[in-house]
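Heads up: the structure comes next, in structure tokens.
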Amino acid sequence: MIRTVVLLTLLLAGLSAAASQTGTHLLTPIPDRPAAPGFELRDMDGGTHRLSDYRGRVVIVNFWATWCPPCRRELPSMNRAWAKLNDDGIAMLAVNVGETEDVIFPFTADYPIDFPVLLDEDGSVTERWPVRGIPTTFVIDPEGRIAYRAIGGREWDDPQLLAAVRALHRTDTP
Amino acid sequence: MIERHYPAATRVMRAIVPLRILPICLLFLVPTPPALPEVQRQTDAQTGLLRWTLREGPLRFDLVQRLPDQTRAFFLARGFPKAEADRLAEACVFQAIGRNTGTPGQAPAVHIDLGQWRVRAGGSEAPPLLKEQWLDDWGRSGAVSPPARLAFRWATFPSVQTFEPRGDYNWGMISFGPPPGASFDLEMVWHEGAQRRSAWIEGLQCPPEAAPRLEETRP
């Protein structure tokens, strides 16, 4: 009897733990896919990026800051994800909110970022996006619409998450 | 020998379920009343600072004391004048972490509006000091520069947010108002889908002026 109770308890605990894990690497689909607000921002090398330049490609747009602990936690996985997605033509942009190159550049020595870091120094671009806390990340479909959102950090190189992004690429790319 | 006669349904059950685990199986059929919100209080072994954790349905919400010096240093480094950094640091600032831990497809979204929360201290009740109030104040007075206000805006917990059960969470500071070391009760309000939920956490303590000595916090 005791053995049965212990086994059932372990089984339930295992199921519960598995259930709590399943939600941690997912993206929220956005109903009706509203158009993503356009922007024109400078990157760390002085180049200019317009969201419209990426029309026809899936783009992951991440809003972050160096002092934000969950942003720091997810950046390495974003970098690994970019290495896997870049060859598929999927773009990734990190929009820094309210900081200058002088702050971001030394930060990247500890947290390498191989994809473009864009500077929204006065926060005016972030203001126009549906962002209430950072990090918040959006996946933009090839038609420039917001397809997915993630509030808080994710493990971006998680296979389940990568599959969702790639499926969007395949679905929307002729 | 006495032969027992069981109803057909019972005979079927006896065939399917061995008698000795029947009571356990029945436990899963008994409706249970909704569990009361679970609130845990923990002391950080390194700093002696306190953390309260509410777990209720898909919501997990953590409130962690921030020493006034921590908050002061953060905002001074981002361009706050000392007087305003002091005023903010002494307004009972906690680090908050809100998270939807529910299973996608089963759990509802969790919606939080800090304006619906109540801080009960010294015989009166009021909402927390929302970021919008601070920003309006500094916008009118000009006491804090726009870049510093921008850092404050994004370092503080969203006043309104919806967390989907797909791993959504936010970190950020919340200022509750009472002075350093004061005790207060907090009514937390949230919505799970269309259902309004609430819970009181009693005996929260605003962070003290200085880090507590660890022996003071041990039982």
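What follows is calculated from the coordinates using simple rules that are stated; it is not laboratory data. Computed from a predicted model, the values in this text were never measured in an experiment. All Cβ positions, glycine included, derive from the backbone under ideal geometry; neighbour counts span all protein chains shown.
Numbers for the structure displayed
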read-out	value
Residues of region A:130-174 satisfying the condition of being more than 14 Å from the chain's Cα centre (by Cα) and of a type in the set (A, V, I, L, M, F, W, C)	A:Ala167, A:Leu168
Within region A:118-134, considering residues that are surrounded by 15 or more Cβ atoms within 10 Å (Cβ to Cβ) and part of a loop (DSSP other than H, G, I, E, B), the one farthest from the other protein chains (Cβ to nearest Cβ)	A:Trp129
Filter result for A:Phe115 (out of contact with any Asp or Glu (no Cβ under 8 Å at 6 or more places or on another chain), over 22 Å from A:Asp45 (Cβ atoms) and surrounded by 15 or more Cβ atoms within 10 Å (Cβ to Cβ))	no
Filter pass, B:Ala107 being more than 14 Å from chain A (Cβ to nearest Cβ) and aliphatic (A, V, I, L, M)	no
Restricting region A:64-85 to residues that are within 14 Å of chain B (Cβ to nearest Cβ) and charged (D, E, K, R), the residue that is farthest from B:Gly167 (Cα to Cα)	A:Arg72
Some residue of region B:127-144 being farther than 28 Å from A:Asn96 by Cα and more than 14 Å from chain A (Cβ to nearest Cβ)	yes
Leading residue by the ranking (farthest from the other protein chains (Cβ to nearest Cβ)) among those in region B:60-80 that are among the charged types (D, E, K, R) and not in a strand (DSSP E or B)	B:Asp69
Helices (runs of 4 or more DSSP H) lying entirely in region B:112-219 (those with 1 or more residues that are in contact (Cβ under 8 Å) with a residue 24 or more places away in the chain and of a type in the set (Lys, Arg))	B:131-141
Yes/no for B:Pro165 being within 14 Å of another protein chain (Cβ to nearest Cβ), buried (at least 20 other Cβ atoms within 10 Å of the Cβ) and touching a strand residue (DSSP E or B) at 6+ places or on another chain (Cβ under 6 Å)	yes
Meets criteria (part of a strand (DSSP E or B) and more than 11 Å from every other protein chain (Cβ to nearest Cβ)) for A:Leu168	no
